[in-house]
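Working notes, structure below.
The values are calculated or read from the model by the stated rules, or taken from the named source; none is laboratory data. As the structure is a prediction and not an experimental result, all values here were calculated from the model. The protein model used for the area step is the full one, side chains on, heavy atoms only, and it has no ligands, DNA or RNA in it. Shrake-Rupley method; radii C 1.70, N 1.55, O 1.52, S 1.80 Å.
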Amino acid sequence: MFSKFLPYCTTGKVVQGFGRGSKSLGIPTANLPEDVVDALPKEFGTGIYYGWALLEKSIYKMVMSIGWNPFYKNEKKSMEVHLIHEFPSDFYGETIKIIITGYIRPEKDFTSVDNLIKEIQNDIEIAKKKLDEPKMCEYKSHSFFEQ
């Protein structure tokens, strides 16, 4: 189901999200604007994905959530990208380019914040391993990042 849309390339300016990623979860995210979310193909499933992101002339591994965040009961669909890198400050307003290369799991609800954090940490580890695979490493030099 998901492979027919992957790899999927998109770009947007980083916007302020709900403030939960770094504050309550300790896992900061770069949120994409509504028009980028709305441009996803209608059949593009919600869930947790991985891939590559270009930000400020550097390419990083990323894991991202596309969907409604059932634990927080969002009323708007979102795309939240966690770059697997430590940044000294926020980068709101910066342009981010992403290539989604794989799917990890569907989105789901959790019984506690701790369970949500554990699952996100597991998603990050899965993304790291998958993105080390030679086929996935090839995407770092994808022409999309050169445009």
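For region 132-140, just list the computed ³J(HN,Hα) in residue order, Karplus coefficients 6.51, -1.76 and 1.60, θ = phi - 60°, integers in Hz, with x standing in for Gly and Pro.
7, 5, x, 4, 6, 5, 4, 5, 4
Looking at the calculated P(r) for region 34-147, what percent of the C-alpha pair distances fall above 24 Å?
27
For residue 76, give me every one of the lysines with a C-alpha distance below 23 angstrom, ignoring sequence neighbours fewer than eight places off in its own chain.
13, 23, 42, 97, 108
Can you compute 3J(HN,Hα) from phi for each residue in region 45-60, using the Karplus curve 6.51 cos²θ - 1.76 cosθ + 1.60 with θ = phi - 60°, rounded to whole Hz and x for Gly and Pro?
The phi angles translate into x, 6, x, 10, 10, 9, x, 10, 9, 9, 9, 6, 6, 10, 10, 10 Hz.
Out of residues 5 or more away from residue 102 or on other chains, whose amide H comes under 5 Å of its own, with H placed 1.01 Å from N in the peptide plane?
50
Relative to the present Cα-Cα distance, how much length would full extension add between residue 25 and residue 95 at 0.36 nm per residue of separation?
22.8 nm
Please work out the average accessible area per residue across region 68-147, using the 1.4 Å probe convention, and give it in Å².
Computed with neighbouring chains in place, this is 61 Å² per residue.
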